[in-house]
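Worksheet for the structure shown next.
The values are calculated or read from the model by the stated rules, or taken from the named source; none is laboratory data. The structure displayed is predicted, hence computed values, not measured ones. For neighbour counting, all protein chains shown are included, and Cβ atoms are generated from backbone atoms with ideal geometry for every residue, glycine included.
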């Protein structure tokens, strides 16, 4: 296999209602069946009229941007200084929800296409109607966790599988490959970016020579959106730590199933955390804590200490319920 | 600009001490000045002897893998089920520290090159010694946050800048571009992966036609490693939440600087969280809490409630110190 990455030059300004397929075909009469077109989402948005009018400057502009960000946001993932990383309604995790003020006049913001897979399918159909069988990727620039610098990835795709699955293949040493689904439409988007440039008005590039695989499906780039429940990085570190603090302030009264280990850990944590002299007795499915002294202040300290022990247990995944009486606190883990 | 992505076939098995430049040049006599060689880290590791002997199976193999993972790990970033994502000593955040059991016989594991930028520089120098001026990228396959599927990225680079910086450029509408550093060596690695395949013994691909920019520097792929302090996703969500719980169990006694807002929030949180009937009086730089009733159990509950209020404040970034006496608890925020 041998690929060529070809820029499509001379497309010019795009405005709402423009026929992108016609404009691309006239700028690139050399397009041929089997080509993969990588189209910057910006021009798809413009053609689809996904522009919002905003003031050119001043606090009114900031307010308008904030309102747009809110309406494009499904949930905030992380915030630091001026940077807000959100998950969009599409499921993409992007700074500022992908809202862009570049390559557009100062009185407009460009939103992402409402449904980039549908945009890619429609564009592919427009080419097909003109007799051209091409795959279409709608791409945008994204940041990543852990690595500096941005790369282009696929927001939408049609006529090409998003993932190439090597699972089940066997290497020359007889090892079965696992966990090897390559995000090929992201790699194609990255390859295309190399010939695009940001201010060069090259919003489309063509990858020529990339084979279609019969079994790859056509589920679109939505297949690349990891669902939040299985994402180990669904929240920013600071936000998740804050969530832990909030959880600690609102511990549920809920005894874990009977577990002698929980009793052992609770007693150990109490010995570590509670005021010296605190009474600590491990019982059947419970730990009894009594105050270090006979004063009222000792009872207050006991209450705080017992809560701290429960929080430390929660950090280990163990929940507890409590019974408070005039002589002390019992942490209850369910009878063993 | 127009790129070609060309596979280098027929390199064959690599063993420790092999002269990679010689093997690549004989497999690809068509190489020419200005080409960018993207070399899979696996063969660099093999040539550099970065293999570890391990038992072919059984618990001894698992133990050996675990030991290798520990020694390659600078810190654990996230764990879920069988997956461990760590930061390596190089700074890369990767599942299993990039240790690989594929494309090697069953009695060895392959570690990442010890210094992939140095590997890339040495390989580039080897080509230069043979009269060939090529850039070299050492690539590997990585997972990402938020998106399914893997992509190839650069672990090492020589003769090419890792980032292309568009900051300061002005688009056709007069908007200055910001935050637009493209990780071009990652994009080149992704482009090369498209022609490589996993079991096809195509460990090298060439990108032809990518221009060298005079100002891009040659700091290597280390420039792509985001430092942990500025990474908003330096820890897994579950791990960071657990850190928040641990922090909550070990609140420091440390009054924030004087802040009437802290006093107001503390009183509001106490009203929300404390046992109904608890006395709440906002004072100058402090909130005084007194028990809801006259029994000993009320004092114990007061202690727990006061601690919960302090935890909830910590979630808002406000620290406090406490004074406990026989009549109640005072949360102190510094005199205003």
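General remarks:
- The single residue among B:191, B:118 that is on the phi < 0 side of the Ramachandran plot, at pLDDT 95 or above and away from chain A (no Cβ under 12 Å) turns out to be B:118.
- Within the range A:243-272, being crowded, with 21+ Cβ neighbours inside 10 Å and more than 18 Å from residue B:303 (Cβ to Cβ) holds for A:244, A:245, A:262, A:263.
- Members of the range A:13-59 found to be under 16 Å from residue A:207 (Cα atoms) and in a helix (DSSP H, G or I), listed by number: A:24, A:25, A:27
- Against the numbered list (1) within 8 Å of chain A (Cβ to nearest Cβ); (2) touching a residue at least 12 places away in the same chain (Cβ under 8 Å), residue B:243 comes up short only at (2).
- Residue A:286 vs. criteria more than 17 Å from residue B:248 (Cα to Cα), more than 10 Å from every other protein chain (Cβ to nearest Cβ) and crowded, with 21+ Cβ neighbours inside 10 Å: yes
- Those residues of the range B:293-336 which are closer than 15 Å to residue A:298 by Cβ, more than 7 Å from chain A (Cβ to nearest Cβ) and within 42 Å of the chain's Cα centre (by Cα), in sequence order: B:322, B:323
- The set of residues in the range B:227-236 being within 7 Å of another protein chain (Cβ to nearest Cβ) and either without any contact (Cβ under 8 Å) to a residue 60 or more places away in the chain or farther than 11 Å from residue A:145 by Cβ (or both) consists of B:231, B:232.
- Conditions (1) in contact with a strand residue (DSSP E or B) (Cβ under 6 Å, 6 or more places away or on another chain); (2) within 14 Å of another protein chain (Cβ to nearest Cβ); (3) surrounded by fewer than 19 Cβ atoms within 10 Å (Cβ to Cβ): number failed by residue A:13: (1)
- Every listed requirement among (1) under 17 Å from the mean Cα position of the chain (by Cα); (2) more than 24 Å from residue B:165 (Cα to Cα) is met by residue A:168 save one, (1).
Residues are listed down the side, and each one gets a yes or a no for (1) in the same structural domain as residue B:202 (by TED's automatic domain parsing); (2) farther than 30 Å from residue B:194 by Cα; (3) free of Cβ contacts under 8 Å to residues at least 60 places away in the same chain; (4) within 24 Å of the chain's Cα centre (by Cα):
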site: B:13; (1), (2), (3), (4): yes, no, yes, no
site: B:21; (1), (2), (3), (4): yes, no, no, no
site: B:24; (1), (2), (3), (4): yes, no, no, no
site: B:39; (1), (2), (3), (4): yes, no, no, yes
site: B:59; (1), (2), (3), (4): no, yes, yes, no
site: B:73; (1), (2), (3), (4): no, no, yes, yes
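- In the range B:169-187, residue surrounded by the most Cβ atoms within 10 Å (Cβ to Cβ) [restricted to those that are touching a residue at least 12 places away in the same chain (Cβ under 8 Å) and more than 7 Å from chain A (Cβ to nearest Cβ)]: B:185
- Output for the range B:293-336, where each listed residue is in a strand (DSSP E or B) and touching a helix residue (DSSP H, G or I) at 6+ places or on another chain (Cβ under 6 Å): B:324, B:325, B:329, B:331
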